[in-house]
Amino acid sequence: MSEPLIITSLQNDRVKAVRALEMRKVRKETGLFVAEGASLIISGRDAGHVPDTLIYRAGSADGGVVADLIRWALAQRCDVLEVSAAVLEKLAAKDNPQALLAVYKQRW
């Protein structure tokens, strides 16, 4: 993928799949988990971990850390999804959602 895929629908299958990772059973079945926030994603990148998917809130990629992480993820051939604020809020486990989420493969 050379450019982010834009998703605004809560009914999108990708959104549903990421949302399902809240459930332990789904994480165990898929071997995937979600990391929230730029600091966790940067720590993962610096440790050599590349996400399967990077998800960011529309309007947050105008510069700085978010833009750098998007460029890095695209260069690593990750799926990059730009989502609406409503979609990000639905995906986030925190009450105050971060601008970034990433889906990683478990390594154990």
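On the beta carbon distance between Leu74 and Arg27, with R0 = 25 Å, the FRET formula returns roughly 0.45.
Label separation (Ala20 vs His49): 2.2 nm, computed from points 7 Å beyond Cα along the C-beta direction. Counting only Cα atoms, the size of region 68-108 along its three principal axes is 29, 28, 14 Å, in decreasing order. Spin-label model, Arg107/Gln11: points 7 Å from Cα along the beta carbon direction are separated by 3.9 nm. In the full protein context, the chain carries 60 Å² of accessible surface per residue, based on a 1.4 Å probe and ignoring ligands, DNA and RNA. Ranked by the mean number of other Cβ atoms within 10 Å per residue, highest first, peptides 81-91, 55-65, 24-34 order as 81-91, 55-65, 24-34. Screening the chain for whole DSSP H helices of 30 Å or more along their axis (Cα) with average Kyte-Doolittle hydropathy at least -0.5 returns none. Pairs of Lys residues in the chain are counted when their Cα atoms are under 16 angstrom apart and they lie 8 or more places apart or on different chains; the count is 4.
Given the alpha-carbon gyration tensor of the chain, what are the semi-axes of its equivalent ellipsoid in whole angstrom, ordered largest first, with each equal to the square root of 5 times an eigenvalue?
On the way: eigenvalues 71, 59, 33 Å².
With the √(5λ) rule applied to the chain, the semi-axes are 19, 17, 13 Å.
The values are calculated or read from the model by the stated rules, or taken from the named source; none is laboratory data. Here the structure is a predicted model, which means the values were calculated and not measured. With ideal geometry, Cβ positions are generated from the backbone for all residues, glycine too; neighbour counts draw on all protein chains shown. Calculation scope for accessible area: heavy atoms of the full protein, side chains included, ligands and nucleic acids excluded. Shrake-Rupley method; radii C 1.70, N 1.55, O 1.52, S 1.80 Å.
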